[in-house]
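Presented below is the structure to which this report refers.
The values are calculated or read from the model by the stated rules, or taken from the named source; none is laboratory data. All values derive from a computational prediction rather than experimental measurement. Note: ideal-geometry Cβ built from the backbone for every residue, glycine included; neighbour counts use all protein chains shown.
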Amino acid sequence: MSDERYSRQSFLGPHAQESIECAVMGIVGLGGGGSHVVQQLAHVGFQQYVLYDPDCVEDHNLNRMVGATEADVKEARPKVEVALRIIRGLQQQALVETYRKRWQDEPLPLRRCDLLFGCIDGVGNRRDLEAAARRYLIPYIDIGLDVHQAGTEPPVMAGQVVLSMPGTPCLHCLGVLQEKALEQEGRHYGNAGPRPQVVWANGVLASTAVGIAIDLLTDWTRQLRPPVYLQYFGNEGTMQSSPRLTFAPKTCVHYPTTDIGDPEI
Amino acid sequence: MAVLAGEFAELQRQFPGAKQCQEGGTTFYFIPGLGMPPGCTPEHTDVLLCPTQRDGYPSRLFFAACVQGPVPRNWNGDSHILGRRWYVFSWSDVQGLRLVDLVLAHVRALLP
Amino acid sequence: MNTQLIIRLAHPLYGQVMVDLTRPHPFADERVSFLFTKAGTGPHGSILLFPVDYLPLQDEQYIDENDPLVGAAISGDALRSAMQRVLDTGMGALHVHMHAHHRGRPRFSPTDWHDLPDIVQSLRNANSQLIHGALLLSQDMATGALWLPDQDICKPLVPRVSIVGSPLRICPGGENRER
């Protein structure tokens, strides 16, 4: 590829492209949020990917899954193949590992990722994915979106982007994972159920997540200091740092950085 | 639930090889190759006890395999803990017991 | 054998190492220390190493060799303390030093390549079933050299090394180095 392709992002620094190209990016969940992430990473120039999603494209995905087409629905194309197609359209030489399964079914490839995006439903899934990321010392970026409707009031759209960096407060510390939510999900037999999702909100969250990843790798702002917890208010179209950061412990109380590597079981 | 002094030692005596592990602020107790009740398949499997509140249950016993017993159970959990995959069935209100008894209570639930 | 090796060093520990290694010494140009690692299993037989324990060396554990080519020479006592830590913890050891005047990917010097095999052999004497090796830091990156159990002492493997923090610094593994 020519140097000209990335000339517009040269402000990221003289070694930025090198840092981008050598990083292995893991994306778990390739639907509404994950498809945006994959597309943007491919545009920016990432060359190494580990992708997980067990599902195939269905009609109800087309309102938000970037890159998916009606033909994909007709052919019940696996989402990992759509993601691969996006990447190959921009990075023919990229090394892409695709796993058409849940990451829990084949967790080892995840461990070689330098950075992990969690674009999945369900608080239990997030808890487990973050735990795995912490155990193998992988920075984890979580994105999530919810739409709540109460009575006759307008729906409330809210989401978050969180950078969970080993050693710094985790999703538990930050109150993103709460026992009550885990309990409700557990008692509903682990079914997160169909959740409202829209392309523009997913795009905001995914773009923010990718921006954090780029800053982490290139340090172009020289300002990124984990933890990062950004709350998205969809009704107003705003994103701001969560006030929960004020109350978070300085270091993580749930995942000590000595409790890493293969457990002794 | 506070684990009383000596409970872990008792667990280790009852189930050789038992280990205490932590993840995400939760203490788990690992028991390798626990024997399952008669009529179950597999006959032995690793288990992981969580003696504290998790996912709405006061305690949970995770199994390394979906154990098929005389009574079908609702295997409603599929978790990744301590680097491994675990299965768990819905069995409520096992609480207030010593660690050994928690394990036995969950395992007995595989029977009618 | 083409085992992929990855070292991931958490930023708080990296910071501790940097502070220690940049302390001036009465006569040594460089400081040396040891890190001890936990291991993790990766895909396709790859191995991840996570330094979790740190052994700084005391000033008295250096030898003044008066050789301009040698940045730091450590005493037998220093090496024995590292070996003892290997025995006590069951963790592999990494000899650590820094090329403080460089940025970017550091490179082991000819002196490093000359001395490291003897150090690794000593560590193997403490426990030959563990992975031992070396970590070399620059101002902002790190590289390594590792010896698997039974690895030819003349053929270290060059791991991928990450300093996990903000920024996230990744130094890709290079070609295996043959002396």
Tabulated pairs, region A:246-257, first under 11 Å from A:Gly167 (Cα atoms), second surrounded by 13 or more Cβ atoms within 10 Å (Cβ to Cβ) and of a type in the set (Lys, Arg), C-beta under 7 angstrom, 6+ apart or interchain: A:Tyr255/A:Arg134
Filter result (surrounded by fewer than 18 Cβ atoms within 10 Å (Cβ to Cβ), within 14 Å of chain A (Cβ to nearest Cβ) and in a strand (DSSP E or B)) within region B:64-91: B:Trp75, B:Asn76, B:Arg84, B:Arg85, B:Tyr87
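A quick yes/no check of all residues on (1) at pLDDT 95 or above; (2) out of contact with any Lys or Arg (no Cβ under 7 Å at 6 or more places or on another chain); (3) over 30 Å from A:Thr251 (Cα atoms):
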{"site": "B:Ala5", "(1), (2), (3)": "no, yes, no"}
{"site": "B:Leu11", "(1), (2), (3)": "yes, yes, yes"}
{"site": "B:Gln14", "(1), (2), (3)": "yes, yes, yes"}
{"site": "B:Gly17", "(1), (2), (3)": "yes, yes, yes"}
{"site": "B:Gly25", "(1), (2), (3)": "no, yes, no"}
{"site": "B:Phe28", "(1), (2), (3)": "yes, yes, no"}
{"site": "B:Gly33", "(1), (2), (3)": "yes, yes, yes"}
{"site": "B:Gly39", "(1), (2), (3)": "no, yes, yes"}
{"site": "B:Pro42", "(1), (2), (3)": "yes, yes, yes"}
Criterion: crowded, with 19+ Cβ neighbours inside 10 Å, within 14 Å of chain C (Cβ to nearest Cβ) and either under 18 Å from A:Leu163 (Cβ atoms) or at pLDDT below 95 (or both) - qualifying residue of A:Leu224, A:Leu230: A:Leu224
Identity of the residue in region C:1-36, among the β-branched types (Val, Ile, Thr) and in contact with a strand residue (DSSP E or B) (Cβ under 8 Å, 6 or more places away or on another chain), that ends up surrounded by the fewest Cβ atoms within 10 Å (Cβ to Cβ): C:Thr22
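Of the residues that sit in region A:233-246 and are loosely packed, with under 13 Cβ neighbours inside 10 Å and not hydroxyl-bearing (Ser, Thr, Tyr), which one is farthest from A:Pro14 (Cα to Cα)?
If we take residues in region A:233-246 being loosely packed, with under 13 Cβ neighbours inside 10 Å and not hydroxyl-bearing (Ser, Thr, Tyr), then A:Asn235 is farthest from A:Pro14 (Cα to Cα).
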Lone unmet requirement of (1) touching a Ser or Thr at 6+ places or on another chain (Cβ under 6 Å); (2) at pLDDT below 95 for B:Pro51: (2)
Helices (runs of 4 or more DSSP H) completely within region A:161-257 that count 1 or more residues being in contact with a helix residue (DSSP H, G or I) (Cβ under 6 Å, 6 or more places away or on another chain) and farther than 23 Å from A:Val66 by Cα: A:179-187, A:199-218
Residues of region A:7-35 satisfying the condition of being touching a Lys or Arg at 6+ places or on another chain (Cβ under 9 Å), farther than 16 Å from A:Val96 by Cβ and either hydroxyl-bearing (Ser, Thr, Tyr) or assigned to a helix (DSSP H, G or I) (or both): A:Ser19, A:Gly32, A:Gly33
Residue match in region B:14-37 (condition: farther than 27 Å from A:Arg102 by Cβ and surrounded by 17 or more Cβ atoms within 10 Å (Cβ to Cβ)): yes
Check on B:Pro16, assigned to a loop (DSSP other than H, G, I, E, B), without any contact (Cβ under 8 Å) to a residue 24 or more places away in the chain, more than 10 Å from every other protein chain (Cβ to nearest Cβ) and under 28 Å from C:Ala39 (Cα atoms): yes
Qualifying residue in region A:134-157 (condition: within 14 Å of another protein chain (Cβ to nearest Cβ) and assigned to a helix (DSSP H, G or I)): yes
One residue from B:Val94, B:Val47, B:Val103 being assigned to a loop (DSSP other than H, G, I, E, B) and crowded, with 18+ Cβ neighbours inside 10 Å: B:Val94
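Can you report the number of residues in region B:50-63 which are assigned to a loop (DSSP other than H, G, I, E, B), crowded, with 20+ Cβ neighbours inside 10 Å and either basic (Lys, Arg) or free of Cβ contacts under 8 Å to residues at least 24 places away in the same chain (or both)?
Count: 1.
Would you mention how many residues in region C:93-133 are of a type in the set (A, V, I, L, M, F, W, C), touching a Ser or Thr at 6+ places or on another chain (Cβ under 9 Å) and closer than 22 Å to C:Glu65 by Cβ?
Looking only at that region, the number is 4.
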Single condition C:Gln16 does not satisfy, out of (1) away from chain A (no Cβ under 14 Å); (2) assigned to a helix (DSSP H, G or I): (1)
Boolean, A:Leu171 is buried (at least 19 other Cβ atoms within 10 Å of the Cβ) and either within 14 Å of chain B (Cβ to nearest Cβ) or at pLDDT below 95 (or both): yes
Total residues in region C:88-97, condition more than 15 Å from the chain's Cα centre (by Cα) and either closer than 12 Å to C:Ser122 by Cα or modelled with pLDDT under 95 (or both): 0
Residues satisfying the stated conditions in region A:82-100, i.e. in contact with a Pro (Cβ under 6 Å, 6 or more places away or on another chain) and within 14 Å of chain C (Cβ to nearest Cβ): A:Glu97
Selected residue [within 14 Å of another protein chain (Cβ to nearest Cβ) and either out of contact with any Phe, Trp or Tyr (no Cβ under 9 Å at 6 or more places or on another chain) or surrounded by fewer than 14 Cβ atoms within 10 Å (Cβ to Cβ) (or both)] from C:Asp115, C:Asp152, C:Asp140: C:Asp140
Test: C:Val70 is surrounded by 15 or more Cβ atoms within 10 Å (Cβ to Cβ), among the β-branched types (Val, Ile, Thr), more than 23 Å from C:Pro172 (Cα to Cα) and modelled with pLDDT under 95: yes
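In region A:233-265, which residues are among the β-branched types (Val, Ile, Thr) and at the interface with another protein chain (Cβ under 9 Å from one of its Cβ atoms)?
If the condition is that a residue be among the β-branched types (Val, Ile, Thr) and at the interface with another protein chain (Cβ under 9 Å from one of its Cβ atoms), then A:Thr251, A:Val253, A:Thr257, A:Thr258, A:Ile260, A:Ile265 are the ones that fit.
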